[in-house]
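Participant: The structure that follows is given in the form of structure tokens.
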Amino acid sequence: MKNAVSFLALALAFTVLTAFTFSSNHNYIGSKQCKACHSNAKMGGISYKTWEKGVHANAMESLKTPEADKIAKGKAITDKGCLSCHQTSAKDNGVGCESCHGAGSAYKTKHAKDLAGAKALGLETPKVADGSAEKQCKTCHNEKSPTYKGFDMKKDWPKVAHPKS
Ligand code: HEC
Ligand code: HEC
Ligand code: HEC
Ligand code: HEC
């Protein structure tokens, strides 16, 4: 019994350590890196094309308006607080794929052949049906947004859905 407990403790420590080590290798690469495969019906599907035309892709543009400068009392596009929700990384002009699917450097090519294995490489697959997607939406859609209008998954998800076909 005692051995089983210490084995479990060791296994847990190992899991935490490897998760920590690998996560530090997950870097943001930008949505353009997802474009070739995810604009192609015969590869990863056409999700990119829908996202590209949607409200998230160019969320940085909202920080360049007089309204934004009024809220931020100056340059919103350099305000770390504003950027934390309006831009995934400097490689995106808004809320990119990686804000919801995880930083892509490690899973970029590998997940195309092994989706299950890609979770350990940082691929996140939030789902609408089990509530995990809504939880993620609310990390940005909340009262910390100076223009918060409320959030309703039933109405808001269809506006940003991006099926494979
Ligand atoms: C080399 C081509 C390629 C690249 C580059 C690529 N993907 Fe994929 N992706 C695929 C293929 C193939 C699938 C599997 C599609 C299927 O099963 O229908 C897939 C599946 C996915 C899925 C669906 C997972 C699921 O549960 O069904 C997500 C999310 C995803 N990719 C995100 C991304 C993101 C984000 C990027 C950029 C960081 C990216 N992909 C770059 C080829 C690619
Ligand atoms: C990384 C932060 C972030 C995440 C995560 C996020 N959003 Fe957004 N969303 C934004 C920002 C920023 C805008 C404003 C874009 C603009 O107008 O420039 C926005 C705008 C929207 C809009 C348009 C709202 C309007 O009033 O015009 C909808 C709909 C939306 N998001 C749905 C969702 C859903 C559904 C999810 C979860 C699946 C989600 N968002 C996750 C940051 C995020
Ligand atoms: C605001 C968050 C968000 C962003 C941004 C986002 N996704 Fe998704 N994506 C989701 C969620 C949530 C689902 C799962 C929907 C469900 O439960 O059916 C999903 C599903 C997918 C799927 C599976 C679709 C299917 O029909 O099974 C692919 C592929 C995908 N996303 C790729 C991408 C790519 C590529 C980008 C960038 C071009 C991107 N996503 C941007 C949240 C996002
Ligand atoms: C917690 C995440 C978050 C932060 C921080 C944030 N925003 Fe936003 N922003 C959003 C979301 C989500 C939307 C979509 C509308 C909403 O708030 O529901 C949005 C929309 C906007 C819009 C468009 C308003 C409209 O009428 O559609 C402007 C302008 C804006 N934000 C400016 C800013 C500025 C300036 C800052 C920094 C002072 C900032 N935001 C910080 C999440 C955020």
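Participant: How about the range 44-80: which of its residues are among the β-branched types (V, I, T) and more than 16 Å from ligand 1 (Cβ to nearest atom)? Spell out how you get there, then give the answer.
Facilitator: So in the range 44-80, the residues among the β-branched types (V, I, T) come out as 46, 50, 55, 65, 71, 77-78.
Selection gives V55, T65, I71, I77, T78.
Participant: Would you check which residues across the range 69-90 are surrounded by 14 or more Cβ atoms within 10 Å (Cβ to Cβ), within 17 Å of E143 (Cβ to Cβ) and within 16 Å of ligand 3 (Cβ to nearest atom) and list them?
Facilitator: Correct list: C85, H86.
Participant: Would you mention how many residues in the range 128-141 are surrounded by fewer than 12 Cβ atoms within 10 Å (Cβ to Cβ) and closer than 17 Å to H86 by Cα? It would help to see each step written out before you state the result.
Facilitator: Filtering the range 128-141 down to residues surrounded by fewer than 12 Cβ atoms within 10 Å (Cβ to Cβ) leaves 129-131, 135, 138.
Among the residues that remain, those that are also closer than 17 Å to H86 by Cα are: 138.
Selection size over the range 128-141: 1.
Participant: Then there is this: At pLDDT below 95, near ligand 4 (Cβ under 8 Å from one of its atoms) and over 21 Å from P163 (Cα atoms): does that describe A68? Write out each step before concluding.
Facilitator: Working: at pLDDT below 95: no; near ligand 4 (Cβ under 8 Å from one of its atoms): yes; over 21 Å from P163 (Cα atoms): yes.
Taking the combined requirement at face value, the residue does not satisfy it.
Participant: Further question: Here are K32, K53: which of them is out of contact with any helix residue (DSSP H, G or I) (no Cβ under 7 Å at 6 or more places or on another chain), closer than 17 Å to Y107 by Cβ, loosely packed, with under 15 Cβ neighbours inside 10 Å and modelled with pLDDT of 95 or more?
Facilitator: Matching residue, one of K32, K53: K32.
Participant: Here are some residues: K42, K53, K32, K108. Which one is among the basic types (K, R) and either within 21 Å of W157 (Cα to Cα) or within 16 Å of ligand 4 (Cβ to nearest atom) (or both)? Show your work before the answer.
Facilitator: Numbers: K42 fails: either within 21 Å of W157 (Cα to Cα) or within 16 Å of ligand 4 (Cβ to nearest atom) (or both); K32 fails: either within 21 Å of W157 (Cα to Cα) or within 16 Å of ligand 4 (Cβ to nearest atom) (or both); K108 fails: either within 21 Å of W157 (Cα to Cα) or within 16 Å of ligand 4 (Cβ to nearest atom) (or both).
That would be K53, the only listed residue that is among the basic types (K, R) and either within 21 Å of W157 (Cα to Cα) or within 16 Å of ligand 4 (Cβ to nearest atom) (or both).
The values are calculated or read from the model by the stated rules, or taken from the named source; none is laboratory data. Quick caveat, the model's predicted, so the values are computed rather than measured. We place every Cβ from the backbone using ideal geometry, glycine too, and count neighbours over all the protein chains shown.
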